[in-house]
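Everything below concerns the one structure shown next.
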Amino acid sequence: MPLPLIAGALGLAIDAAPSIVKWIAGDESRAAQVAEEAAGLARQVTGEADSNAAVAALRADPGAFVEFQKLMADKAVALAQEETAQLREREQSWREQARSDDAYVRRARPTIIYALVVIGLAAAATAVVVAWREPVLLPETIAALQWVVYALAGVGGLYVVKRSDDKAVERGQEPPTRALTRLASALVNRPSAPDPN
């Protein structure tokens, strides 16, 4: 969907159901999805085949806009229900961790966060000390410390991904296949080159 059409359809959707802003702000993929659905609803209400023409027709016809507004209100309710379900699932996960018989599982999230904060503060303190005592070495120190930051991000990311996979298994679901897993599988299972002999 072209950017001007996304903007037009999204503006129309927000005019029809202002509460939608809460669920799409800062989420480009969801905003694009809502814009696509709004354009589809606009075509449905107006009977226009072209989304731009449908958006323009709704702006010009108050009666059609009211019908569109009702459909967008349903979409806003669906987004609210989706968010509520996600929040319930997150709360349930926290409750399960808190009820765990394993003391470490109950403390795992804070432990990881504390460890990452301590390491991050140590890296920052190192940069401050080097800047104060040997300013000439600061660029090299920062270049070296960037790898510490990458490692912290990697450990934090792996923790979150693995924890999410564990929760999916606990719920009886199959963990999602990650992009790197798919790539590795494709490389391992690719057909071999024909033998030139």
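The values are calculated or read from the model by the stated rules, or taken from the named source; none is laboratory data. Quick caveat: nothing in here was measured; it's all calculated off a predicted structure. Cβ coordinates were reconstructed from backbone atoms using ideal geometry, including for glycine residues, and neighbour counts include every protein chain displayed.
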Mind checking whether some residue in segment 29-45 is more than 28 Å from Lys167 (Cβ to Cβ), modelled with pLDDT of 75 or more and of a type in the set (Asp, Glu)? yes
Out of all the residues in segment 142-165, is one or more loosely packed, with under 11 Cβ neighbours inside 10 Å and within 30 Å of Lys22 (Cβ to Cβ)? yes
